[in-house]
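Here is the structure we will look at.
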Amino acid sequence: QVQLVESGGDLVQPGGSLRLSCVASGTIFRFYAMAWYRQGPGKQRELVADITSGGKTTYADSVKGRFTISRDNAKNTVYLQMSSLKPEDTAVYYCNAHWVQYNYWGQGTQVTVSS
């Protein structure tokens, strides 16, 4: 059974920074593409950033230039470095692992951007 555990969510002021982490267990991490999604209040879940097993990254237009996704295969961990945070970044952030027919989700971590 694959488990994804996110951490790092917090309350932060506009313009601030946070780093989210997601640790995977129970799988061969390096085979999986990893992604971060978010779901804001009253909104649908949306893709924030994705990183392939080979390290290729893609980002939602709303976070380009502010967020960076990275992975450490030795630690079975994917990160989301967030900077210049805005109130509209407030959401529950979910880690996702996907490979062929396999698709797994973490439980989410809350990020609140407010003064």
Pairs only if they're at least six apart or on different chains, beta carbon under 7 angstrom, first in the range 1-17 and closer than 16 Å to GLY108 by Cβ, second assigned to a loop (DSSP other than H, G, I, E, B) and open to solvent by less than 30 Å² (accessible area, probe 1.4 Å); list them, first residue then second. LEU4/GLY106; VAL5/GLY106; GLU6/GLY106; GLU6/GLY108
For SER62, are the conditions met, namely being without any contact (Cβ under 8 Å) to a residue 60 or more places away in the chain, within 11 Å of the chain's Cα centre (by Cα) and open to solvent by less than 80 Å² (accessible area, probe 1.4 Å)? no
List pairs: first in the range 35-52 and without any contact (Cβ under 8 Å) to a residue 24 or more places away in the chain, second open to solvent by less than 60 Å² (accessible area, probe 1.4 Å) and in a loop (DSSP other than H, G, I, E, B), Cβ under 8 Å, 6+ apart or cross-chain? GLU46/ALA60; LEU47/ALA60
Do the conditions hold for VAL23, that is, is it open to solvent by less than 50 Å² (accessible area, probe 1.4 Å) and in contact (Cβ under 8 Å) with a residue 40 or more places away in the chain? no
Say whether the condition of being at pLDDT below 95 and over 21 Å from ASP10 (Cβ atoms) is met by at least one residue in the range 40-47. yes
Would you tally the residues in the range 85-115 being open to solvent by 60 Å² or more (accessible area, probe 1.4 Å), within 14 Å of VAL12 (Cα to Cα), outside any strand (DSSP E or B) and not charged (D, E, K, R)? 2
Residues being open to solvent by 70 Å² or more (accessible area, probe 1.4 Å) and free of Cβ contacts under 8 Å to residues at least 40 places away in the same chain: count how many of those fall in the range 65-84. 3
Exactly one of GLY42, GLY15, GLY55 is farther than 22 Å from GLN1 by Cβ and open to solvent by 70 Å² or more (accessible area, probe 1.4 Å), and that one is GLY42
List, please: which pairs have Cβ atoms under 6 Å, are six or more places apart or on different chains, and start with a residue in the range 93-115 that is modelled with pLDDT under 95 and end with one that is open to solvent by 60 Å² or more (accessible area, probe 1.4 Å) and not in a loop (DSSP other than H, G, I, E, B)? TRP99/PHE31
Tell me whether the range 65-80 contains one or more residues that are of a type in the set (Lys, Arg), out of contact with any Pro (no Cβ under 6 Å at 6 or more places or on another chain) and closer than 16 Å to GLY16 by Cα. yes
Can you name the residue in the range 18-49 that is out of contact with any Phe, Trp or Tyr (no Cβ under 8 Å at 6 or more places or on another chain) and part of a strand (DSSP E or B) and is also farthest from ALA74 (Cα to Cα) among such residues? LEU18
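The values are calculated or read from the model by the stated rules, or taken from the named source; none is laboratory data. These numbers were taken from a predicted model, which means no experiment stands behind them. Cβ sites come from the backbone with ideal geometry, for glycine too, and all protein chains shown count toward neighbours. Surface accessibility is based on the protein's heavy atoms, side chains included, excluding ligands, DNA and RNA. Shrake-Rupley method; radii C 1.70, N 1.55, O 1.52, S 1.80 Å.
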